[in-house]
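Written below as structure tokens is the structure these notes are about.
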């Protein structure tokens with residue numbers, strides 16, 4: 001026999017198998033009778049099946065992957081080709097024993113064995129008759145059991161009820177084929193042509209969408225009539241499901257738009273994920289609810305969360321708002337509500353940490369220790385808002401990290417430089433796609449506690465745009481009277497920020513909104529002296545850069561003298577960032593030599609510094625000779641700290657007009673005008689002929705014309721410069737001055753004194769003229785930093801002139 005078709009509806013689909021091998025076609029009554037009368041062998045090798053049940057007369061293909069199964073098939077195929085097939089009780093068992101298989105199975109004949117490319121074996125089996133396991137003879141190399149025939153009771157051939165049942169089975173089978181789009185219409189032909197009564201029942205049962213347990217229960221029914229009735233019951237259920245499904249599909253087929261189609265696909269994906277071991281959205285919501293029980297919420301917050309979670313359950317997962325709602329609930333759960341880290345109030349330890357990380361900065365460290373002391377005594381004090389202001393590179397930001405370590409709190413930092421959107425602070429409303437919370441709330445989520453040390457970096461560089469004013473949004477954050485219920489637009493609830501220790505940093509206070517400035521405690525951080533920079537380089541910068549470049553102190557050493565040379569000749573700053581860059585350049589040169597196995601000086605010399613960094617380029621900071629009349633050294637405060645500047649005046653025959661150059665601001669130009677008017681009004685007291693002033697044009701210039709300059713502190717220097725040029729007497733050598741002037745002849749105090757004094761010392765200035773009210777600023781400077789400087793404190797302009805201008809005429813003095 002050849003080219004026979006074996007018809008089987010496996011998972012409701014028609015499969016065909018053509019082969020030249022001798023196969024069994026659809027069973028005829030004669031074939032069935034022959035199978036019934038065939039005697040069973042006393043024992044058989046038993047093949048356990050994972051997820052199917054073989055019925056007598058039915059042909060099925062199975063794939064064998066287990067070593068025992070493959071050996072059994074190979075041995076049987078080489079022998080009598082008769083085996084016993086039994087379903088497993090648990091399909092997940094990899095090595096089933098006699099206790100893991102059912103007691104009733106089917107004797108099967110091997111029709112064909114196929115070797116597949118993936119290494120598995122596919123075997124085509126045809127069921128012969130049912131059997132019952134008597135005893136298991138052995139389990140190695142596979143299960144072998146003695147068997148006995150499982151008797152089947154058949155109704156009489158003229159049993160009209162049984163015949164009606166068979167007709168109903170055929171009719172229902174044909175209806176199921178018609179209702180199901182997945183079964184080809186050829187299957188109807190196969191059903192109609194089945195003549196054997198038992199084979200019809202077995203064939204239909206084998207291909208029904210039933211579980212393994214249900215099919216096994218059907219196989220174990222000894223009465224053919226009872227099995228036919230039970231099969232008919234299952235078929236009715238299957239037909240009703242198909243009709244209901246088709247009815248629903250016909251009703252909604254025209255209503256499925258793109259969104260509904262995506263939702264349907266999403267549901268299918270959900271099922272796939274669950275099969276693969278993933279979690280469904282419902283499971284995630286249950287996890288959220290479970291997680292919420294461990295949160296330290298008050299009743300109001302808990303009620304709000306449960307309300308929002310209930311809202312999410314009712315939402316379509318494909319709706320845009322679903323993702324926003326999910327992010328909202330995730331944020332709600334991840335925020336550290338009422339969770340605080342325990343403060344460490346060991347003040348001596350805190351002092352050691354601050355001294356370890358920062359050289360100098362005594363006022364700042366003192367203020368921080370005072371704050372910790374008050375927290376230790378009260379333990380419920382609202383954290384004040386501290387603002388550290390000073391030039392770049394003096395350690396403002398790193399102070400916050402040291403305070404966090406000393407206090408035992410988490411450290412959080414956000415940079416506000418260039419931030420111009422109010423939503424970055426307050427967050428977006430949930431009505432917008434892509435809405436999220438503000439950076440304050442996000443940072444607290446990241447910190448994991450509600451009382452971190454929070455550094456607001458570059459608060460003076462906030463900008464205003466059409467998206468709002470972020471500095472105004474910070475008013476609520478930094479106000480101790482309001483921030484116990486900070487309202488974030490995305491969170492939609494007040495959050496307590498009163499336990500957060502905010503530390504803001506800025507380079508200048510002038511650009512900070514007055515209302516915001518009023519809420520902060522200002523601590524000024526001035527620049528470092530040369531001695532301080534050398535110590536910072538020796539204790540902090542040099543070890544850190546050696547480590548970052550893969551070297552140790554044995555590979556390279558830079559002495560104090562060389563560090564001082566780098567500070568004075570190659571850096572012009574109040575901080576130490578530029579100094580660290582220069583030290584890194586020296587270390588990189590050594591690292592290159594080590595990597596290339598070249599000889600180099602492990603102890604850096606002055607010549608090495610010049611060779612690596614080049615010729616010192618900042619000698620212009622040094623004091624310049626003022627043998628020419630009208631040249632005065634002034635002191636200025638810039639964004640990078642203190643500096644010296646030179647004010648030059650020149651007269652030429654004319655009509656008494658004054659020209660001012662040097663890219664000066666309005667305030668400096670007004671100071672020059674005041675100085676000239678004072679000279680005109682007090683010419684006789686100053687020993688000048690008033691008529692002379694009106695016969696000469698005056699040109700006042702401040703060098704480095706490309707650099708903008710402004711401020712009142714150059715007033716006394718401009719006055720001195722003008723008097724010097726009119727009297728043709730030079731100003732005292734190695735002297736600098738700073739102070740504001742008035743038309744009444746008063747000298748007013750100015751700011752930035754420490755930075756200016758440090759700049760004067762760097763420039764080798766010996767004497768400095770200041771307003772007497774600035775004496776308190778000098779008293780705050782350590783004596784060793786101002787050693788070698790002489791200070792003159794004045795109240796009137798006349799005092800300035802007596803101290804600054806000598807009686808010596810300059811060379812080639814003009815005759816006025």
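Throughout, read-outs are computed from the coordinates displayed, never taken from laboratory work. This is a predicted model, so every value here is computed, not measured. FYI the Cβ positions are ideal-geometry reconstructions off the backbone, even for glycines, and counts take in every protein chain you see.
Below is a table of values for the structure above.
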quantity: Ordering of 154-166, 105-117, 528-540 by burial proxy (mean other Cβ atoms within 10 Å per residue, highest first); calculated: 528-540, 105-117, 154-166
quantity: Relative contact order (percent, whole number), the chain, Cα cutoff 8 Å, 6+ residue spacing; calculated: 7
quantity: Sorted by Cβ neighbour density within 10 Å, fewest at the top, the residues 153, 223; calculated: 153, 223
quantity: Inter-label distance for residue 160 and residue 691, nm, one decimal - labels placed 7 Å from Cα along Cα-to-Cβ; calculated: 15.7
quantity: Euclidean distance between Cα centres, the stretch 705-729 to the stretch 537-603, Å; calculated: 40
quantity: Kirkwood hydrodynamic radius over Cα pairs of the stretch 631-809, then Stokes diffusion coefficient at 4 °C and 1.567 mPa s, in µm²/s; calculated: 80
quantity: Volume in Å³ per residue [convex hull over Cα atoms, computed for the chain]; calculated: 300
quantity: Computed [θ] at 222 nm, deg cm²/dmol, the chain (DSSP H ≥ 4; -39,500 (n - 2.57); rounded to nearest 500); calculated: -12500 deg cm²/dmol
quantity: Per-peptide average of other Cβ atoms within 10 Å, ordering 338-344, 41-47, 290-296 highest first; calculated: 41-47, 338-344, 290-296
quantity: On Cα atoms only, tilt of 715-727 relative to the major axis of the chain in degrees; calculated: 30
quantity: Contact order normalised by residue count of the stretch 530-613, Cα under 8 Å, 6+ apart, percent; calculated: 38
quantity: Percent RCO, i.e. relative contact order, over the stretch 160-243, from Cα pairs under 8 Å lying at least 6 residues apart; calculated: 44
quantity: Per-peptide average of other Cβ atoms within 10 Å, ordering 780-791, 234-245 highest first; calculated: 234-245, 780-791
quantity: Ranked list, fewest to most other Cβ atoms within 10 Å of each Cβ, for 779, 643, 555, 93; calculated: 779, 93, 555, 643
quantity: Projected label distance in nm at residue 378 and residue 146, using a 7 Å step from Cα toward the beta-carbon; calculated: 9.4
quantity: Cα-projected label distance for residue 524 with residue 561, points at 7 Å along beta-carbon direction, nm; calculated: 3.7
quantity: Equivalent-ellipsoid semi-axes of the stretch 284-334, from the Cα gyration tensor, Å, largest first; calculated: 19, 10, 9
quantity: Degrees, to the nearest 10: 396-407 long Cα axis against longest axis of the chain; calculated: 60
quantity: Between helix 258-275 and the chain: long-axis angle, C-alpha atoms, 0 to 90°, nearest 10; calculated: 80
